[in-house]
1. If you only keep lysine pairs separated by 8 or more in sequence, or across chains, how many in the range 214-293 come under 15 Å at the Cα atoms?
2. Counting only residues 5 or more places away or on other chains, whose amide H sits under 5 Å from the amide H of VAL4 once H atoms are built in the peptide plane?
3. Using protein chains only and a probe of 1.4 angstrom, how many square angstrom of LYS275 are accessible, to the nearest 10?
4. Please work out how much length the chain gains when fully extended from ALA113 to ALA127, using 0.36 nm per residue of separation minus the C-alpha to C-alpha distance, in nm with one decimal.
5. How large is the accessible surface of PHE90 in square angstrom, using a 1.4 angstrom probe and rounding to the nearest 10?
6. Extent of the chain along each principal axis, from alpha carbon coordinates, in Å, largest to smallest?
7. Test of the criteria: in the range 87-184, which trypsin sites (Lys or Arg not before Pro) are in a DSSP loop and have at most 12 other Cβ atoms within 10 angstrom of their Cβ?
8. By accessible area of protein heavy atoms, probe 1.4 Å, what ranking do ARG58, ARG189, ARG250, ARG201 get, highest first?
Amino acid sequence: MKKVSLTGIKPTAQPHIGNWLGMHRPSLELAADPSVSAYYFVADYHALTTIRDPAELRRLTIDVAAVWLAFGLDPARTLVYRQSDVPEVFELSWILACFSPKGFMNKAHAYKAARDVNVAKGDDEDAGVNMGLYTYPILMAADILIVDADVVPVGQDQVQHVEMARDMAQRFNHTYGAEVLKLPTALVRGESGVVPGVDGRKMSKSYGNTLPCFSTAKQLRKAVMRIETDSTPPEAPKDPESSLVYKIHRALLTKERAEDLAAEYRSGISWGAAKQLLAEDLEALLAEPRAKYDELMRDPSAIEDILDDGARRVRGIAAPVLARVRAAVGVR
Ligand code: ADP
Ligand code: TRP
């Protein structure tokens with residue numbers, strides 16, 4: 001039996017190279033493992049906790065799928081679908097809600113983060129918090145448990161949500177004295193570590209310090225030129241470990257190539273030349289996916305077709321799981 005790996009992506013803004021190196025690349029490497037069945041889905045109903053513009057939600061959903069396909073996800077060998085196309089998820093979500101102590105939800109990361117922002121602003125702690133956000137981990141648990149996922153590759157911030165899914169499954173199984181739901185495990189990715197942004201903080205869309213993956217070559221070059229440097233003269237030796245340009249560049253390279261680059265810094269390279277090398281390497285890696293992405297976005301209906309096909313296939317997997325759950329609780 002192959003292991004099932006499930007990756008869920010909330011449709012948000014355009015990806016940056018931190019997302020690519022920390023999420024897309026390791027996740028696609030996992031999909032290449034023949035002992036793993038890799039499923040990917042766009043968590044559009046999770047995005048509804050914040051997005052209110054229907055055109056934006058529709059566009060971002062297609063966009064997220066296009067990004068994965070552009071980076072090489074093969075829909076024939078994996079399963080790519082849209083959460084909202086799988087009604088079994090929402091039925092399981094209600095059932096799991098009945099197995100989720102309310103006190104647990106108070107501690108969930110998504111809700112706590114919103115509450116902390118409110119408290120910092122001096123607002124009511126629940127200001128702007130809807131029940132979708134509050135019960136976010138229940139829907140996420142349903143996403144995971146409905147496909148019998150073994151591993152869930154996530155960023156550090158989502159580990160708690162996966163553990164909550166595991167708890168719900170355990171409580172459910174214990175109640176009915178049977179292994180009805182499979183217990184999932186979180187897999188924390190990001191061997192390349194946290195990629196810094198052009199200002200030295202973590203690269204993040206919230207900080208506006210990103211190198212975007214799919215802007216034009218010219219815009220990408222401009223963003224590289226914005227990376228902060230010090231005033232060391234051009235020909236002076238530079239310490240790679242304390243150089244932001246190097247730290248970003250290193251994340252793209254194999255160990256050997258990163259060593260070679262470090263040697264060039266130590267023997268003296270101007271910041272202009274160092275940035276030029278980074279821009280060239282980025283362009284070499286991103287030119288092809290960018291062209292593929294542009295091509296995919298010219299025909300969104302082809303992406304819709306891939307998602308529709310994925311939905312049909314995943315419903316075939318979800319239906320028997322839901323049938324097991326319904327039988328266990330005593331509904332028909
Ligand atoms: P952002 O901080 O831009 O909002 P998200 O929180 O949406 O990014 O992260 C999406 C995925 O990309 C997560 O799996 C996260 O671990 C990964 N990721 C985000 N930023 C970085 C970064 N700077 N370096 C490495 N991985 C990152
Ligand atoms: N909560 C995840 C995030 O914000 C997205 C997500 C929704 C997810 N459902 C999931 C991830 C199920 C893994 C499995 O990034």
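The values are calculated or read from the model by the stated rules, or taken from the named source; none is laboratory data. Owing to the predicted nature of the structure, the values given are computational and were not obtained by experimental measurement. Counting neighbours? That spans all protein chains shown, and the Cβs are built from the backbone with ideal geometry, glycine included. When the accessible area is computed, the model is the full protein with side chains, heavy atoms only, and any ligands, DNA or RNA have been set aside. Shrake-Rupley method; radii C 1.70, N 1.55, O 1.52, S 1.80 Å.
1. Details: LYS218/LYS275; LYS222/LYS275; LYS238/LYS247; LYS238/LYS275; LYS247/LYS255; LYS247/LYS275.
Pairs that pass both the separation and distance tests number 6.
2. SER37, ASP150, VAL151
3. Answer for LYS275: close to 20 Å² accessible.
4. Numbers: separation 14, 0.36 × 14 = 5.04 nm, distance 1.23 nm.
Stretched out fully, the ALA113 to ALA127 stretch lengthens by 3.8 nm.
5. Counting only protein heavy atoms, the figure is 70 Å².
6. Cα extents, longest axis first: 76, 50, 37 Å.
7. Working: sites: LYS102, LYS107, LYS112, ARG115, LYS121, ARG166, ARG171, LYS182; in loops: LYS107, LYS182.
Those that pass, being in a loop and sparsely packed, are LYS107.
8. Numbers: ARG58 155, ARG189 45, ARG250 90, ARG201 115 Å².
Greatest to least solvent exposure: ARG58, ARG201, ARG250, ARG189.
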